[in-house]
Amino acid sequence: MNKSKVSDIVIFGASGDLALRKLMPSLYHLGDDGHIADGSRIIAVSREDITVEVYCEHMSQRFQMEFSEGVYNEEVFQNFIKSIEYLRIDLTVEEDYKALSDLLSGYEDRERINYLSTAPSLFGIICENLNKQKLITANSRVVLEKPIGNDLKSSQVINDKVAAHFVESAIFRIDHYLGKDTVQNILALRFSNMLFAPIWNAQYIDHIQITIAESVGLEGRWAYYNDYGAMRDMVQNHMLQLLCLVTMEPPSTLDGDNVRDEKLKVIRSLRSIEGSDLKLKTVRGQYAAGVSGQKAVPGFLEEDGGNSNSDTETFVAIRADIDNWRWNGVPIYLRTGKRLREKYSEIVVDFKDVPHSIFPKGGVCIDSNKLVIRLQPDESISMFIMNKIPGLNEGMRLQQVELDLNIAKNEPRRPSAYEHLLLDLLYNNNTLFMRRDEVEAAWVWADKIIEGWKENGITPKKYTAGTDGPSSSIALIERDGRSWYEK
Ligand code: BG6
């Protein structure tokens, strides 16, 4: 197996939830699968005054709690922790970085990955302190977790601080949706099958729907979420990235900049939504108390840490339009929210009707072809086509059938999005990471909507937890003579 180069992976914020729930488990699996070069080190950095043994013990407990049954293996874990070092550092104190400097000294020729799994307000100071301690080598890269700011201006401030010490090609901005297997399969589906290429445009596609529905509430993140809301937390990043992959032009290669150039063109072609369109093309919602998973759950305002004045949205539906030749007149409907009926993420490409039906009227309803790409909970790709009902039937009777294009059904364990992204990081491949101009263009479009909501006093409509969101989201798509796809 091809291994990455020997690396020092420094995880800042190593005691945080993301590190323990996603990053360390991914490194455990990558190591077990032989992707991490022998001799590589994982340096866990956190403020907690503990020993490496205590840190590893804590990690082992988390792994056993979070891994699905049968996945945790004590022998693999013992092997994994041989590569772990632990450092207590207050990230705002320059002298504290000396300990890191001592550990890294003599290893300047290695790949050096600085993963900032911390609050974005610390990104600048960490980069500055790394620079002061001369810890940024020619092989250094830095990884930034979202959210990078909460609007264009604040994201520029953070990006400027990082850019003062790292060149753009060494900055890896994570959008974990891009690491999901089925999301990458969109590229394979679109660009390795001649079948789809000629029909992937306004002539054959009626509209596209992208839904990311969550059944969970705030999970202890009320304060963060209250400042962000669904528009900043999900639409500006994950949803726009999905939209880009489905609608971008074919890049000339899979090279990072080629792919990102094409995504950027899409974001820049998004029609800005303002004025009277805000009420017609966007819906904001906020969940009220209801029932989720057969349990009574509080509304957004009554969640732990909540307050009764917030008009932050926990649901957004948008009709987006792309002003370019390929997508003229093809709406892209986006929908995301917390405390919805069930958790699923799905992209539906809905094709146009046949121009004329030759089948007898009555009893025959020709449904449009649909390509349904399900990202979670179970990843799958299905094509819905019309077919004759088999056997003897009066006249010709048709039915819609599902062609299951899924090939990986029986795999024992699907690698997580973070495994994909960390592996690309080890190989210095930035195709699935976001470039600064992309993130900024996405903020320009999202900021306009958020400002418009404020200026026009558009507040969130209440919806009951455990439902499909506010009824105005159904009205949004039905006004165009269409409806949300329900399996
Ligand atoms: C994160 C958001 O980026 O994505 C969360 O901050 C959200 O609010 C999460 O719950 C959803 O990710 P996934 O992979 O569970 O769909």
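The accessible surface of the chain, taken with every protein chain in place and a 1.4 Å probe, is 50 percent carbon and sulfur.
Rounded, prolate or oblate: which fits the range 19-149 when a ≥ b ≥ c are the square roots of the eigenvalues of the alpha-carbon gyration tensor, with rounded for a/c under 1.5 and prolate only if a/b beats b/c? It is prolate, given that a/c is not under 1.5 and a/b is the larger ratio.
Can you give the accessible area per residue of the range 362-486, in Å², using a 1.4 Å probe? Provide the component values of the computation, followed by the final result.
Working: 6350 Å² over 125 residues.
For the range 362-486, the per-residue accessible area is 51 Å².
Net length available on complete extension from His58 to Ala164 is 34.6 nm, with 0.36 nm assigned per residue and the Cα-Cα distance removed. For the range 79-157, the C-alpha radius of gyration divided by 2.2 N^0.38 Å, with N the number of residues, is 1.20. In the chain, if every C-alpha pair distance is counted and binned at 10 Å from zero, what percent goes to each bin? Distribution as computed: 4, 18, 27, 26, 17, 6, 2, 1, 0 percent. Note on Lys361: lysines with a C-alpha under 21 Å away, same-chain residues under 8 apart excluded, are Lys352, Lys388.
Over the range 30-87, how many percent of alpha carbon pairs lie in each 5 Å bin up to the one with the longest distance? Taking every Cα pair in the range 30-87, the percentages come to 4, 17, 26, 25, 19, 8, 1. Projecting the Cα atoms of Tyr463, Leu87, Asn429 onto the dipole axis of the chain, where Lys and Arg carry +1 and Asp and Glu carry -1 at the beta carbon, places Tyr463 farthest toward the positive end. For the chain, the Cβ-based charge dipole about the Cα centre amounts to some 1320 debye (Lys, Arg positive; Asp, Glu negative; other atoms uncharged).
Mind checking the angle between helix 256-269 and the chain's longest principal axis? C-alpha axes, 0 to 90 degrees, to the nearest 10. The angle comes out near 50 degrees. Between the range 215-258 and the range 79-122, the C-alpha centres lie 29 angstrom from each other. Over all distinct alpha-carbon pairs, what is the Kirkwood Rh of the range 353-403 in angstrom? About 12.6 Å for the range 353-403. For Lys338, a cut-off of 16 angstrom between C-alpha atoms picks up these aspartates and glutamates, skipping any fewer than 8 places away in its own chain: Glu214, Glu219, Asp227, Asp233, Glu302, Glu303, Asp304, Asp311, Glu313, Glu346, Asp468. Give the cross-link partners of Lys180 among the lysines, using a straight C-alpha distance below 19 Å as the criterion and excluding same-chain residues fewer than 8 apart. The reachable lysines, counting only those whose Cα sits under 19 Å from Lys180, are Lys22, Lys146, Lys263, Lys343, Lys409. For the pair the range 324-400 and the range 142-194, the centres of their Cα atoms are 31 angstrom apart. Using 0.36 nm per residue and subtracting the Cα-Cα separation, the extra length available between Ala37 and Trp325 on full extension is 99.0 nm.
Under the combined filter of DSSP loop state and at most 10 neighbouring Cβ atoms within 10 Å, the range 298-396 retains these trypsin sites (Lys or Arg not before Pro): Lys361.
What does the extension gain come out to for Asn456 and Ala99, with contour length at 0.36 nm per residue minus their alpha carbon separation? Please report the intermediate quantities before stating the final value.
Numbers: separation 357, 0.36 × 357 = 128.52 nm, distance 5.29 nm.
Length gained between Asn456 and Ala99: 123.2 nm.
Could you tell me which residue out of Ser140, Ala14, Ser154 lies farthest along the dipole of the chain toward its positive end? Charges go on the beta carbon: Lys and Arg +1, Asp and Glu -1, centred on the Cα centre. Of Ser140, Ala14, Ser154, it is Ser154.
Counting Lys and Arg as +1 and Asp and Glu as -1, each charge on the Cβ, what is the dipole of the range 7-145 about the Cα centre in debye, to the nearest 20? Provide the component values of the computation, followed by the final result.
Working: 13 positive and 24 negative charges, 79 e Å.
Rounded to the nearest 20 debye, it is 380 debye.
Per residue, the accessible area of the range 73-199 comes to 44 Å² when a 1.4 Å probe rolls over the protein heavy atoms. Rounded to the nearest whole angstrom, the semi-axes of the ellipsoid equivalent to the range 310-400, taken from the Cα gyration tensor as √(5λ), stand at 34, 19, 13, largest first.
I need the shape label for the range 220-285. Rule: rounded when a/c is under 1.5, else prolate if a/b > b/c, else oblate, with a, b, c from the alpha carbon gyration tensor. Oblate, because a/c is 1.5 or more while a/b does not exceed b/c. Considering helices alone, the calculated mean residue ellipticity of the chain at 222 nm is -9000 deg cm²/dmol, with DSSP H runs of length four and up weighted by -39500 (n - 2.57) and normalised per residue. Amide H contacts under 5 Å for Ile9: Arg41, Ile42, Ile43, Ile113, restricted to partners 5 or more places along the chain or on a different chain, H placed in the peptide plane at 1.01 Å from N.
Please label the shape of the range 347-479 as rounded, prolate or oblate, based on the square roots a ≥ b ≥ c of the eigenvalues of the alpha-carbon gyration tensor (a/c under 1.5 means rounded; beyond that, a/b larger than b/c means prolate, else oblate). Don't skip to the end; give the middle numbers.
Values: a/c = 2.44, a/b = 1.35, b/c = 1.80.
The shape class here is oblate.
The values are calculated or read from the model by the stated rules, or taken from the named source; none is laboratory data. Please read all numbers here as calculations on a predicted model, not as lab measurements. Don't worry about glycine lacking a Cβ; one is built from the backbone with ideal geometry, like all the others, and counts go over all protein chains shown. All accessible areas refer to the heavy atoms of the entire protein, side chains included, with ligands and DNA or RNA removed. Shrake-Rupley method; radii C 1.70, N 1.55, O 1.52, S 1.80 Å.
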